[in-house]
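Right, one structure below, let's go through it.
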Amino acid sequence: MPYSPQILDNALGAVGSTPLIRLDRIAKQEGIECNLLGKVEYTSIGGSVKDRIAKRMVEAAEEEGKLIPGHSIVIEPTSGNTGIGLALACAVKGYSVIITMPNKMSLEKEAALRALGAEVVRTPTEAAWDAPESHIGVARRLEREIPGGIILDQYANPNNPLAHELTTGPEIIDAVLSTLGTVERPSSGKVDALIAGAGTGGTVTGLSRAVKKTHNKSCIIVGVDPKGSILAVPESLNTSDAGAAYIVEGIGYDFVPDVLARAEVDTWLKTSDDEAFAAVRKLMRSEGLLVGGSSGSALSGALRWFKEDKEGKRIAQTKGANVVVLLPDGIRNYMSKPWFLKLALEAEPTPLAHTIASILKPG
Ligand SMILES: C=C(NCc1c(COP(=O)(O)O)cnc(C)c1O)C(=O)O
């Protein structure tokens, strides 16, 4: 959240407005000539890209008279970040909130939710989305049985992709347009490709609309879907791993959410947990970005696109082409997760570590 030259009325004024940061070190390591840019969403006030839809869904529901102060109770099935955004908005606006969340999701996200005043109900990760015991099924039951209960429904609510069409996308376009190219750092002056992971698909759909409608209809939109999920097109990409468990949180589903416009994504790539976490390590060690697992999925998808796709190879080697990777959240949500502790604490000792040990060895 860049410096704001004014006093904000409340935390919702600090949703979004995130930086677009050059990933030059990774680009150099990978032999990439284009401008590789990260949209770093963990600087948003609630810690993720999902703050944007939470704010817009709540404010739209208030404008439509669906949220009544002192009566309504917001209920939402979520992998956590949308819940945190909603809990933040409800803390500011005075609504009670109930979050249903699969057991797989981190304790850190649950702790943040509870700290913001949300009630949290955990559900079986393996439950099918339409099973009564799933996070969606339990939310729907609570909505039926709790007076004033209302699910704002990120999976079908048009304000989900609209939030990205009206904020995330324009921020990216504005940053690219306002950064003039130089001899040392040429720029095509447009967003040439955008890579984003898909959970509800609201981000990738909204970004596609923002860029193609108002800026560059030739921009290539690349969707990243984890192995085990079924969002990618063509369906043949999904068959070999359909239903397989994966650790990365926030992306991939066993159904295609209404807000995901698959036809507005030009290319889909499947990624693995190992690729994702290796890319997280690159973003931390080479770019100083303390990102979450799905940011690694998005970057690993981009790097694979550069290597394996005809258009990806062309753009990767085009000086001045601007390629944006959406980095949805930060490591705050995963600090105690084994995948992160392994990445951070089990690295091979560096030569410097050996030097320190030899200096400080007893005796
Ligand atoms: C669907 C939810 N999160 C989406 C998400 C995504 C995908 O964003 P979508 O706009 O939902 O496709 C990527 N990375 C992380 C860490 C996320 O939390 C949720 O928080 O309920």
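Details
- Selected residue [open to solvent by 50 Å² or more (accessible area, probe 1.4 Å), assigned to a strand (DSSP E or B) and either within 13 Å of the ligand (Cβ to nearest atom) or of a type in the set (Lys, Arg) (or both)] from Arg114, Arg122: Arg122
- Top-ranked residue of the stretch 231-245 - restricted to ones that are modelled with pLDDT of 95 or more and open to solvent by 60 Å² or more (accessible area, probe 1.4 Å), ranked as farthest from the chain's Cα centre (by Cα): Ser236
- Number of positions in the stretch 276-320 that are among the aliphatic types (A, V, I, L, M) and not in a helix (DSSP H, G or I): 3
- Ala347 being modelled with pLDDT under 95 and of a type outside the set (S, T, N, Q): yes
- Only one of the numbered conditions (1) over 16 Å from the mean Cα position of the chain (by Cα); (2) within 17 Å of Pro328 (Cβ to Cβ); (3) among the acidic types (Asp, Glu); (4) assigned to a loop (DSSP other than H, G, I, E, B) is not met by Asp258, and that is (2).
- For the stretch 204-230, filtered to residues that are open to solvent by less than 20 Å² (accessible area, probe 1.4 Å) and part of a helix (DSSP H, G or I), the residue that is farthest from the ligand (Cβ to nearest atom) is Val211.
- The stretch 75-92 - residue that is within 11 Å of the ligand (Cβ to nearest atom) and among the hydrophobic types (A, V, I, L, M, F, W, C) and, of those, farthest from Lys109 (Cα to Cα): Leu86
- Matching entry among Ser134, Ser106 (being within 22 Å of Phe255 (Cβ to Cβ), in contact (Cβ under 8 Å) with a residue 24 or more places away in the chain and buried (at least 18 other Cβ atoms within 10 Å of the Cβ)): Ser134
- Answer from Arg122, Arg114 - the residue that is among the basic types (Lys, Arg) and within 24 Å of Tyr253 (Cα to Cα): Arg122
The values are calculated or read from the model by the stated rules, or taken from the named source; none is laboratory data. Just so you know, these numbers come straight off a predicted model, no measurement behind them. Neighbour counts are summed over all protein chains in view; Cβ atoms, including those assigned to glycine, are modelled from backbone coordinates with ideal geometry. Note: accessible area is taken over every heavy atom of the protein model, side chains too, but ligands, DNA and RNA are not part of it. Shrake-Rupley method; radii C 1.70, N 1.55, O 1.52, S 1.80 Å.
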